[in-house]
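First the structure, in the form of structure tokens, and then the observations on it.
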Amino acid sequence: MDVVGTVEDLREALGGDSCVLVPTMGALHGGHESLLRLGRAVADDHDLPLAASIFVNPTQFNDPSDLERYPRPLQADLELLLRTGVEIAFVPSAEQIYPPDDPLAAPQPELPAVATEPGLEDQARPGHFAGVCRVVSRLFDLFDPEAAIFGEKDWQQLRVVSAMVATQGRSVEIVPCPTAREPDGLAMSSRNVRLTPETRPKAAALYRGLIAAQNEADPGRAVEALRSAMVAAGIEVEYAAVRDAEMLTRVPPGPVGGPWRVLGAGCLDGVRLLDNAAWPA
Ligand code: AMP
């Protein structure tokens, strides 16, 4: 595995070839591992190298203390990349992604409408998707990947990235990967290490709320089922919603259509939790 930190070394490692890319912020867990394993299979199908990036992107954090506290266990991360068959690991500094002397290297892409749907991530984390679009666009410029793997755990992000590449006319295929979960259903996340022995069991209430929502026949009752499961566990609700799965627009009242998605986000003792599921099941 080539571990490279600069744009110049990355170009040399790619040698003019395309690749399959798994972008991450590190602190890798079982969710990332499933992305990497899917990435390996896609890369084998296309006879391309598998690349992964580890970059804690400052422009997508709207809370400076969240950025500061973000875990960075680089050695363990590199071991996982090696184990999953990654051939090129890109671990850049912020200056390589956002060169101070070349502001045009990483321009701010136009935000797709799905990024700013009211009542979802943009309300909870203003500016977050602008940062995501900027870094993903920069990584796509650098890697020119044939395919890139993104997790369904961050459903709105998956839709934002898909819409952005369509607008930009990029040929990269965005491949979704199902959410990896702990045995009690909690979606794996780099932030879960910050849950305490008291709060950890309560965190699975978000998943249980999604399942309860899936068992309701009406979107309004589904949202209420999710919200009350979160509140009962002490999760401060940022949003609970049933939306169109692709555009994340509000769903009309009346007969159930689809494909729709139930989504929830909230804070448990200062730790942000985020999850979603197909709706109805
Ligand atoms: P992050 O390192 O948190 O920016 O995540 C990098 C990628 O891993 C994103 O595409 C996420 O959606 C994906 N991801 C994070 N957690 C999970 C999970 N539990 N299951 C599947 N994918 C995940």
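So here's what we get for this one:
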{"read-out": "Carbon and sulfur %, accessible surface of the chain computed with the full protein complex present, 1.4 Å", "value": "52"}
{"read-out": "Dipole of the range 1-43, positive direction: furthest Cα of VAL42, THR24, MET1, with charges on the beta-carbon", "value": "VAL42"}
{"read-out": "Between 0 and 90°, nearest 10: helix 74-83 axis offset from the chain longest Cα axis", "value": "80"}
{"read-out": "For the range 93-189, average projected area of the Cα convex hull in nm²", "value": "7.4"}
{"read-out": "Length added when fully stretched, THR6-HIS46, from 0.36 nm per residue minus Cα-Cα", "value": "11.8 nm"}
{"read-out": "At q = 0.15 Å⁻¹, base-10 log of I(q)/I(0) for the range 147-281 (Debye sum, equal scatterers on each alpha carbon)", "value": "-0.73"}
{"read-out": "Length added when fully stretched, GLU173-GLN108, from 0.36 nm per residue minus Cα-Cα", "value": "21.3 nm"}
{"read-out": "Enclosed volume per residue, in Å³, of the convex hull spanned by Cα atoms of the range 86-126", "value": "145"}
{"read-out": "Under Karplus coefficients 6.51, -1.76 and 1.60, residue-wise ³J(HN,Hα) of the range 105-111 in Hz, glycine/proline x", "value": "5, 10, x, 7, x, 4, 7"}
{"read-out": "Principal semi-axes in Å for the range 35-172 [√(5λ), Cα gyration tensor, largest first]", "value": "24, 19, 16"}
{"read-out": "Whole-number accessible area per residue in Å² for the chain, which is evaluated in the context of all protein chains at 1.4 Å", "value": "44"}
{"read-out": "Of THR167, THR59, THR199, farthest towards positive along the dipole that unit charges on Lys, Arg, Asp, Glu beta carbons give the chain", "value": "THR199"}
{"read-out": "P(r) weight above 18 Å for the range 228-281, C-alpha pairs, percent", "value": "37"}
{"read-out": "For the chain, alpha-carbon Rg and Dmax in angstrom", "value": "18.8, 56"}
{"read-out": "Gained length - GLU68 relative to THR116, 0.36 nm times residue gap less alpha-carbon distance", "value": "14.7 nm"}
{"read-out": "Over the range 115-266, relative contact order from alpha-carbon pairs under 8 Å, at least 6 apart, %", "value": "16"}
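The values are calculated or read from the model by the stated rules, or taken from the named source; none is laboratory data. Please read these numbers as outputs of a predicted model, since none were measured by experiment. Positions of Cβ are generated from backbone atoms using ideal geometry, with glycine treated the same way; all protein chains shown enter the neighbour counts. Just the protein is used for accessible areas: all its heavy atoms, side chains included, with ligands, DNA and RNA removed. Shrake-Rupley method; radii C 1.70, N 1.55, O 1.52, S 1.80 Å.
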